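Read the structure below first, then the notes.
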Amino acid sequence: MEKRLQNVLAHAGISSRRGAADLIARGKVKVDGRVVTEKGYKLDPRRHEIFVNGQALPREEKKYYILFNKPTGVISTVKDTHGRKKVTDFFKDIKARLYPVGRLDKDTTGILIITNDGELANKLMHPRFEIEKEYQAMVNGFLAPADKERLEKGIMLEGIRTSPCIIRRVKRTRDRDVLRIKIHEGRKRQIKRMFEEVGLKVTELERTGYAGLRLGRIKRGDYRFLTESEVERLSRIGENDRSG
Ligand code: URA
């Protein structure tokens, strides 16, 4: 992924961003043997050799972006003292410090992004960016129209109102509904607690969409790497956000 040279230097601890801009302007930085003085110069730091004052900048750790279809019975924490199966156990062959972006309950299946890019992970988890999450939930009964409306408008969970969401019925079996819910928050056990508020128990829960990514044909327990354009799109989230 392309980044501003000045930010790459700052990120590597060379100096502040302003200091790095100054080093660049003074011709102290070489990229692949060529002095770069251009303001706002962009490059992929994993693909180029950068020298500052004649010293090589250590190459950035390779970044991984994985779309994992989490199966049931697996926990989303990185450390567990009880010997339970963790999502990171599926990626032991990848020599990087990977962790999940947010959490899914042990019995929830579906999309979980796994990465070693802390910056992107923090952004995706930050409530300010209101990342869309889509779930498919089977409940132990039928969702009454009035309850659907209540949930869509927002209900109180532990004193805080949930933001508006969209609920559609996917299927109705003899005794239960299968529903699709789109939310822009990620509170603990949010979907289960929302349905509990209207007297329904979620019996199966799958996350089918996350930040515009779809589960597609990835089988439970399988994964795929995100494409470069998917990573680019995710990293641009909030780029024009100037609220602070
Ligand atoms: N909501 C839940 O209740 N559980 C999850 O795992 C995710 C969202």
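State all residues of segment 74-118 that are within 16 Å of the ligand (Cβ to nearest atom) and at positive phi; if no residue qualifies, say none. The answer is G102, G110. Considering only residues of segment 1-34 that are assigned to a helix (DSSP H, G or I) and of a type in the set (V, I, T), which is nearest to R46 (Cα to Cα)? Step by step, filter segment 1-34, then rank; the result is V8. Checked against (1) surrounded by 13 or more Cβ atoms within 10 Å (Cβ to Cβ); (2) in contact with a strand residue (DSSP E or B) (Cβ under 7 Å, 6 or more places away or on another chain); (3) not charged (D, E, K, R), H184 passes all but a single condition, namely (2). Which one is nearest to the ligand (Cβ to nearest atom) among residues in segment 141-160 that are in contact (Cβ under 8 Å) with a residue 40 or more places away in the chain and surrounded by 14 or more Cβ atoms within 10 Å (Cβ to Cβ)? The extreme case among them is L157. Of the residues that sit in segment 65-115 and are assigned to a strand (DSSP E or B) and among the charged types (D, E, K, R), which one is surrounded by the most Cβ atoms within 10 Å (Cβ to Cβ)? Restricting to residues being assigned to a strand (DSSP E or B) and among the charged types (D, E, K, R), the top hit is K70. Within the option set L179, L143, L151, being part of a helix (DSSP H, G or I) and under 14 Å from M194 (Cα atoms) holds for one residue only, L151. Scanning segment 172-198 for residues that are touching a Leu at 6+ places or on another chain (Cβ under 9 Å) and near the ligand (Cβ under 10 Å from one of its atoms) returns I181, R187, Q190, I191, K192, R193, M194, F195.
Checked against (1) farther than 25 Å from G159 by Cα; (2) in a helix (DSSP H, G or I); (3) of a type in the set (D, E), E196 passes all but condition (1). Scanning segment 199-244 for residues that are within 16 Å of the ligand (Cβ to nearest atom) and either free of Cβ contacts under 8 Å to residues at least 24 places away in the same chain or assigned to a strand (DSSP E or B) (or both) turns up V202, T203, E204, L205, E206, R207, T208, G209, Y210, L213. Do we have any residue at all in segment 45-54 that's in a strand (DSSP E or B), farther than 26 Å from L234 by Cβ and modelled with pLDDT of 90 or more? Checking segment 45-54: at least one residue is in a strand (DSSP E or B), farther than 26 Å from L234 by Cβ and modelled with pLDDT of 90 or more.
Would a scan of segment 193-213 turn up a residue that is surrounded by fewer than 13 Cβ atoms within 10 Å (Cβ to Cβ), at positive phi and of a type in the set (G, A, S)? Within segment 193-213, one or more residues are surrounded by fewer than 13 Cβ atoms within 10 Å (Cβ to Cβ), at positive phi and of a type in the set (G, A, S).
The values are calculated or read from the model by the stated rules, or taken from the named source; none is laboratory data. The shown structure was predicted, so the numbers you read here are calculated from the model rather than taken from an experiment. Note: ideal-geometry Cβ built from the backbone for every residue, glycine included; neighbour counts use all protein chains shown.
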